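Following: one structure in structure tokens, then a few remarks.
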Amino acid sequence: MSENIFFKRNGPYLLSQLFKDLAIYKEAKVLDINTLINASKNDLSFYDSLNYKENASKTKAIACLTTENLKNDLPKDCIPIVVKNVLFELCNILKKFYPSADNDIADPSLILAKNSRHKRVKFGNNVLIGSHANIGEGTNIGPNTIIEQSVSIGKNCIIGSNVKIKNTLIGDSVIIQDGCNIGLKGFGFIPLNNKNLKFPHIGKVIIEDNVEIASNCTIDRGSIDDTVIGKNTYLDNQVHVAHNVKIGKNCMIAGQVGIAGSTILGDNVSIGGQAGISGHLKIGNNVRIGGGSGVVKDVPDNSVIMGYPAVSLKEFIKNQRND
């Protein structure tokens, strides 16, 4: 995740302030929270699944929340912080660094677009713009749309009516049709007996050039990483892209597809309508996924899959004949 421009960060904190059991590390200072692969030498990271073992071995984080079984996968210069529940502890630390990321509150800086500094942009009626938002020339924004603070929209974009965009960076020549919600908080909490603990979402959405997003789509911002839609990718109506998902270039995703958190899609991926993709998966390049399929495991490059659970097209046809 690149520099956070959307949320105010508290700190820095000494590691001994965050974890009293680590008082021996009196000089260790934490500036931010980041993923294993993106963490710098002053960041705290987290590692709770063998799926990320390779990233754990390469992390530059000063310290890492992890479990007893996984701590030896970290580099020797990374301080392991062994806990019972990594996400629970991470959630509490995030709330300390980013207390405003818990809930989405209406942007108090919003003003009518006609009173903003953007002179080469066409605005419909009742468009609201937040402070420090940047909108490129030649862009057209439909009625009743809200562009919140620090959002960046490139040149020659078309943004429809009743769209809400926050915590998002958008490239050039992007089309976002009516009713989309982009950059809001994703679905994340720690289940507890008395009250669920909300997980702050401090990431953003990055939409690259020439992307088209059809009406009533929802694209959640990242939790700690970013959600990314690659160049020339098209999303049909009512697609849901969850937090931290990364979609490659030249992908085509049909209506009512849902992609769960932290899944990565390669380039040239096609997904048929009403398919569901589970979280934390890797979908390779040039993959074709049939409509109504349920994908629950990684998919290698150049695969064609279908069914629930999804299998190769050849196996799917064979199973159908045997029924």
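The values are calculated or read from the model by the stated rules, or taken from the named source; none is laboratory data. What you are looking at is a predicted structure, and each value in this text was computed from that prediction instead of being measured. All Cβ positions, even for glycine, are placed from backbone atoms using ideal geometry, and neighbour counts span all protein chains on display.
Residues of the stretch 225-242 that are farther than 15 Å from Gln256 by Cβ and either outside any loop (DSSP other than H, G, I, E, B) or in contact with a strand residue (DSSP E or B) (Cβ under 6 Å, 6 or more places away or on another chain) (or both): Asp226, Thr227, Val228, Ile229, Gly230, Thr233. Considering (1) closer than 20 Å to Val241 by Cβ; (2) of a type in the set (A, V, I, L, M, F, W, C); (3) in contact (Cβ under 8 Å) with a residue 24 or more places away in the chain; (4) touching a Cys at 6+ places or on another chain (Cβ under 6 Å), the lone condition that Ile190 does not fulfil carries the number (1).
Among the residues of the stretch 181-201 satisfying the criterion of being surrounded by fewer than 24 Cβ atoms within 10 Å (Cβ to Cβ) and of a type in the set (A, V, I, L, M, F, W, C), which is farthest from Asn4 (Cα to Cα)? Selected residue: Leu192.
Output the residue which, of all residues in the stretch 271-323 that are of a type in the set (Lys, Arg) and in a strand (DSSP E or B), is nearest to Val245 (Cα to Cα).
Per the stated criteria, the residue is Lys282.
(1) farther than 24 Å from Gly279 by Cα; (2) under 25 Å from the mean Cα position of the chain (by Cα); (3) among the charged types (D, E, K, R): which one isn't true of Asp48, the others all being true? Every condition holds for Asp48 apart from (1). In the condition set (1) farther than 29 Å from Lys185 by Cβ; (2) touching a Gly at 6+ places or on another chain (Cβ under 8 Å); (3) not aliphatic (A, V, I, L, M), Arg321 is compliant with all but (2). The lone criterion from (1) under 15 Å from Lys282 (Cα atoms); (2) surrounded by fewer than 24 Cβ atoms within 10 Å (Cβ to Cβ); (3) polar (S, T, N, Q) left unmet by Ser215 is number (1).
Among all residues of the stretch 214-233, there is none that is in contact (Cβ under 8 Å) with a residue 40 or more places away in the chain, of a type in the set (Ser, Thr, Tyr) and not assigned by TED's automatic domain parsing to the domain that holds Val269.
Checking the stretch 85-103 against the condition returns no match, with no residue being modelled with pLDDT under 95, over 23 Å from the mean Cα position of the chain (by Cα) and among the charged types (D, E, K, R).
Scanning the stretch 245-269 for residues that are assigned to a loop (DSSP other than H, G, I, E, B) and either without any contact (Cβ under 8 Å) to a residue 12 or more places away in the chain or within 13 Å of Val211 (Cβ to Cβ) (or both) returns Gly248, Lys249, Asn250, Cys251.
Does Asn210 meet the test of being more than 17 Å from the chain's Cα centre (by Cα) and closer than 21 Å to Val174 by Cα? Answer is yes for this residue. Counting only residues that are over 22 Å from Glu315 (Cβ atoms) and within 16 Å of the chain's Cα centre (by Cα), the stretch 266-290 holds 2 of them. Asp225 satisfies every condition listed in (1) closer than 25 Å to Asn162 by Cα; (2) buried (at least 19 other Cβ atoms within 10 Å of the Cβ) except (1).
Of the residues that make up the stretch 133-149, is at least one under 18 Å from Glu212 (Cα atoms), outside any strand (DSSP E or B) and touching a helix residue (DSSP H, G or I) at 6+ places or on another chain (Cβ under 9 Å)? Yes, because at least one residue in the stretch 133-149 is under 18 Å from Glu212 (Cα atoms), outside any strand (DSSP E or B) and touching a helix residue (DSSP H, G or I) at 6+ places or on another chain (Cβ under 9 Å). The residues of the stretch 150-199 that are outside any loop (DSSP other than H, G, I, E, B), at pLDDT 95 or above and of a type outside the set (Ser, Thr, Tyr), listed by number, are Ile153, Ile158, Ile159, Lys164, Ile165, Leu169, Ile170, Ile175, Ile176, Asn181, Ile182. Selection of the stretch 143-163 for residues being of a type outside the set (A, V, I, L, M, F, W, C), surrounded by fewer than 20 Cβ atoms within 10 Å (Cβ to Cβ) and without any contact (Cβ under 8 Å) to a residue 40 or more places away in the chain yields Pro143, Asn144, Ser152, Lys155, Asn156, Ser161, Asn162. So which residues in the stretch 84-118 are out of contact with any Gly (no Cβ under 8 Å at 6 or more places or on another chain) and of a type in the set (S, T, N, Q)? Across the stretch 84-118, the qualifying residues are Asn85, Asn92, Ser100, Asn103, Asn115, Ser116. Using the structure shown, decide if Ile37 is more than 25 Å from Lys195 (Cβ to Cβ), in contact with a helix residue (DSSP H, G or I) (Cβ under 7 Å, 6 or more places away or on another chain), modelled with pLDDT of 90 or more and not small (Gly, Ala, Ser). It is true that Ile37 is more than 25 Å from Lys195 (Cβ to Cβ), in contact with a helix residue (DSSP H, G or I) (Cβ under 7 Å, 6 or more places away or on another chain), modelled with pLDDT of 90 or more and not small (Gly, Ala, Ser).
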